[in-house]
Ligand SMILES: Cc1cc2nc3c(=O)[nH]c(=O)nc-3n(C[C@H](O)[C@H](O)[C@H](O)COP(=O)(O)OP(=O)(O)OC[C@H]3O[C@@H](n4cnc5c(N)ncnc54)[C@H](O)[C@@H]3O)c2cc1C
């Protein structure tokens, strides 16, 4: 049986960063992927003369070349050079304030610009919004500290008191405690769908770590779709001596005693000297891929926990349009077309097909004219379902009808809310549902956000579990990805892969010594 130091299963964002982290540390890595191209969500597909990005709207943590964020620094460490485009505004949102008045707000990137604009829309908000940013920065610094190897509790008490004090609370509780005016809260709530949990359940730490990065360092996306990132990471892994096998599906993890020693795949068995990292939902790993007597009791209990829910299941329509953004009157990179700024009500309405009237419209050509052929543009609409209930009821015919219905609903939303009509310009439409993502990614119910990051299962509990509780996990086998310490999203998954690869280096090899 061919042996490697480590085997990484799945080439999603987390699988790619984990492989590179191990490879730059001179370990012999095998990366396997069930598909014929790498990336998982981070990929692209072609219809007619258009290339579409199936998932990425924007990445946080990239930052500019002069002021790099953690993602740019990570890629520099790995020797991966991406051509980035900056989304200069955070978002435009068309919705309704809690007081019933219409909301049409565009928030810029950059902390000072963001605070100024908020003061413009919500006079009197400056002091509390400034406090809000100071708290978010403390949280971000504190989270970086506690994810590291050497943690001194005295340092945490000395430097990260605001993080510790707000750590146990939900986002809405912290908003109230900061005295943020209701309209400012309504605007700041827009980001909740990026995390998939309404503001009354969403852990503030998770919210803060993402929003602070988006606003202070701006959002970025690759010039040539997220496929560019995944291909460059894979190429770099090969250059560093890694082995990459596409069309290779892991079926079972192999154990000797209670130690994971390899992977059984459709292309044969491979041995891992030190360990395996699996970019797969832990319920699948524990439920189907390891001997049942080895699954730790605690993992079974967590899997059965009633309030552990899967996060967002995406529904996206991709449009190739035979007019330019300018001709169609599209000026914004992203517009959140939202029913209500009350995230609890919206979360409920996103459970069902009949009531899901939400979409994020994105036009990739706004900051990157060359994204599609001359005279055209690419637009996508994404909504999220907070339950898979309605999809379980659909038969084949209804399923295809639903795709058409939703694509039309998205166009109607854009026309009604923003006055932009795409109907005369449609050349290509493709629709992806939770089924599509489930099938393509091996993600239960197409839940690409992993498990909801609520208070009891947010970044802090997950980090503490990781730093203190590795002994009750499966030996020499970690799951990585969007279900991991940092939750959903590209930068979170890259970070999770990197953190867990470093843990494996420190833990697995020490255990073997
Ligand atoms: C429509 C949509 C829009 C989104 N928008 C954004 C956004 O704007 N910004 C953002 O940051 N995030 C966004 N996300 C979320 C983000 O894409 C995901 O959270 C992230 O990419 C998940 O990465 P991952 O590493 O966990 O795994 P995945 O992307 O799920 O990859 C897992 C990989 O493992 C492979 N695999 C699984 N099982 C096996 C097996 N048994 N054997 C071999 N290979 C296997 C799969 O084929 C896949 O390649 C969006 C997602 C979607 C779907």
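Values as computed for the structure displayed
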item: Qualifying position, being touching a residue at least 12 places away in the same chain (Cβ under 8 Å) and part of a strand (DSSP E or B), among 139, 94; result: 94
item: Test for residue 194: is it touching a strand residue (DSSP E or B) at 6+ places or on another chain (Cβ under 7 Å) and either within 11 Å of the ligand (Cβ to nearest atom) or modelled with pLDDT of 95 or more (or both); result: no
item: Test: residue 381 is outside any loop (DSSP other than H, G, I, E, B), buried (at least 17 other Cβ atoms within 10 Å of the Cβ) and in contact with a helix residue (DSSP H, G or I) (Cβ under 7 Å, 6 or more places away or on another chain); result: yes
item: Residue pairs meeting the criteria (Cβ under 7 Å; at least 6 apart or on separate chains; first within 23 Å of residue 444 (Cα to Cα), in the range 371-388; second outside any loop (DSSP other than H, G, I, E, B) and more than 16 Å from the ligand (Cβ to nearest atom)); result: 386/347
item: Tally of residues being surrounded by fewer than 16 Cβ atoms within 10 Å (Cβ to Cβ) and under 27 Å from the mean Cα position of the chain (by Cα) across the range 224-244; result: 2
item: Test: residue 36 is in a loop (DSSP other than H, G, I, E, B) and on the phi > 0 side of the Ramachandran plot; result: no
item: Among residues of the range 76-91, those that are assigned to a helix (DSSP H, G or I) and either surrounded by fewer than 18 Cβ atoms within 10 Å (Cβ to Cβ) or touching a strand residue (DSSP E or B) at 6+ places or on another chain (Cβ under 9 Å) (or both), counted; result: 2
item: Filter result (in a loop (DSSP other than H, G, I, E, B) and in contact (Cβ under 8 Å) with a residue 60 or more places away in the chain) within the range 117-136; result: 122
item: From 449, 478, 399, 435, residue being touching a residue at least 12 places away in the same chain (Cβ under 8 Å), farther than 26 Å from residue 171 by Cβ and crowded, with 20+ Cβ neighbours inside 10 Å; result: 478
item: Number of the condition not met by residue 352 [criteria: (1) touching a residue at least 60 places away in the same chain (Cβ under 8 Å); (2) in a loop (DSSP other than H, G, I, E, B)]; result: (1)
item: Test: residue in the range 441-460 that is farther than 30 Å from residue 355 by Cα and not assigned by TED's automatic domain parsing to the domain that holds residue 206; result: yes
item: Options 63, 48, 15, 79; residue that is on the phi > 0 side of the Ramachandran plot, within 16 Å of the ligand (Cβ to nearest atom) and either touching a residue at least 12 places away in the same chain (Cβ under 8 Å) or in the same structural domain as residue 185 (by TED's automatic domain parsing) (or both); result: 63
item: Hey, residue 233 within 12 Å of the ligand (Cβ to nearest atom), touching a strand residue (DSSP E or B) at 6+ places or on another chain (Cβ under 7 Å) and either farther than 28 Å from residue 371 by Cβ or not in a strand (DSSP E or B) (or both) or not; result: no
item: Hits in the range 145-178 - residues which are out of contact with any strand residue (DSSP E or B) (no Cβ under 9 Å at 6 or more places or on another chain) and closer than 25 Å to residue 102 by Cβ; result: 175, 176
item: Selection within the range 252-296 - surrounded by fewer than 17 Cβ atoms within 10 Å (Cβ to Cβ), within 16 Å of the ligand (Cβ to nearest atom) and in a strand (DSSP E or B); result: 252, 264, 268, 269
item: Segments classed as helices (runs of 4 or more DSSP H), wholly inside the range 413-513, with at least 2 members that are touching a strand residue (DSSP E or B) at 6+ places or on another chain (Cβ under 7 Å), at pLDDT below 95 and more than 16 Å from the ligand (Cβ to nearest atom); result: 490-512
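The values are calculated or read from the model by the stated rules, or taken from the named source; none is laboratory data. Since we're looking at a predicted model, the values are computed, not measured. Note: ideal-geometry Cβ built from the backbone for every residue, glycine included; neighbour counts use all protein chains shown.
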